[in-house]
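Worksheet for the structure shown next.
The values are calculated or read from the model by the stated rules, or taken from the named source; none is laboratory data. Values in this document were obtained by computation on a predicted structure and should not be read as measured data. Please note: Cβ atoms are built from the backbone with ideal geometry, for glycine as well, and neighbour counts cover all protein chains shown.
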Amino acid sequence: MGLPTYFKKRIYLFFLVPPLLVLTVFLLVPLAILLRYSFSTHIPGQGLQMVFTLSNYLRFVTDKYYLNGLLITLGTGLLVVIVTLVFAYPVAYLYAKARFRYRGLLLIMLLSPFYTNVIIKIYGWMVILGRQGVVNKMLINFNLLDRPFEFLYSYIGVIIIMVYVHVPMMTLLLIGPIQNIRDSWIESARICGSRNLDVIKNIILPLSIPGILSGAIIVYTAVIAAFIIPLLVGGDWGKRFISVMMYTHINVTQNWAFASAIAVILIITSLSIIIFFSRWIKSMKVGVLVSEKFNR
């Protein structure tokens, strides 16, 4: 005896229950608690009191220090996405279009950074970027600098390490869309007289938009939530990142209410930026229009 038609048509709902349950327990419930804490009151010496207040949000929006920290964090995310994309795209294109026997070695090289803990990567770069590190010695030997430059405990050091950490992820997300670009489309454009720059601008880049968008979103969210890199490498600059501010208020001042408000503001602003750019890029329909034109 089979299942009734009503259950057959809605059997997919049974498969949705487990992931929705996990999503509710491990994401929505913690977010609800975080939101509740952000409207609570912190009393020195007594801790968190469940008394409704808007003072935490008012303190954030009226203090230039925290507003500048938010701008620095969001701006750093956009900057790292752009620089990461510049470095990752040629590597992804090389792998996607490579045709040789040991192509798998390239994949191993791309995945190898994921085998190392981020703390080890940071300390490795701290040795490289130190005053007596390889980078400073090379710059001095080539007479580009008169004395060692302070890469560490600066904004430049944070950018360098963040780009290094996120380039492999961006590269892997770009490979798929680039592989879907048919070589015949590129050859047809060249036969019709298009130069290499025109092919890149009008065919390759537009059809890579899905990978660029997904990679940008993942890298952006990872950068604005980064904590270890600004804390260990940023110095005074690192203290201006929102994640470090939250850490300070949670572990130093023990002000969980204000730290929760900072977290909620960061979530709302970052999601707003991601949604805006996603809709803006999708509204252009660049990759879709180009692919439809070539499929005719």
Would you call Leu173 loosely packed, with under 14 Cβ neighbours inside 10 Å and farther than 26 Å from Leu231 by Cβ? no
Scanning for something of a type outside the set (A, V, I, L, M), at positive phi and at pLDDT below 90, does the stretch 252-269 turn up at least one residue? yes
Going by the conditions given, is Ile160 over 22 Å from Val91 (Cβ atoms), within 23 Å of the chain's Cα centre (by Cα) and modelled with pLDDT of 90 or more? no
Is it true that Ile229 is in contact (Cβ under 8 Å) with a residue 60 or more places away in the chain and more than 30 Å from Gly124 (Cα to Cα)? no
Based on this model, can you work out whether Gly193 counts as more than 20 Å from Trp125 (Cα to Cα), of a type outside the set (A, V, I, L, M) and assigned to a loop (DSSP other than H, G, I, E, B)? yes
Six or more apart or on different chains, Cβ atoms under 7 Å: show the pairs whose first residue is in the stretch 203-214 and closer than 16 Å to Thr171 by Cβ and whose second is assigned to a helix (DSSP H, G or I) and hydroxyl-bearing (Ser, Thr, Tyr). Leu213/Ser278
Of the residues in the stretch 150-163, those that are crowded, with 18+ Cβ neighbours inside 10 Å and among the hydroxyl-bearing types (Ser, Thr, Tyr) number 2
Here's a check for you: in the stretch 70-107, which residue that is in contact (Cβ under 8 Å) with a residue 60 or more places away in the chain and β-branched (Val, Ile, Thr) is farthest from Ile212 (Cα to Cα)? Ile72
Search result, residues across the stretch 210-258 that are touching a strand residue (DSSP E or B) at 6+ places or on another chain (Cβ under 9 Å) and hydrophobic (A, V, I, L, M, F, W, C): Trp256, Ala257, Phe258
Looking at this structure, is Ile119 surrounded by fewer than 12 Cβ atoms within 10 Å (Cβ to Cβ) and either within 17 Å of Val158 (Cα to Cα) or touching a His at 6+ places or on another chain (Cβ under 9 Å) (or both)? yes
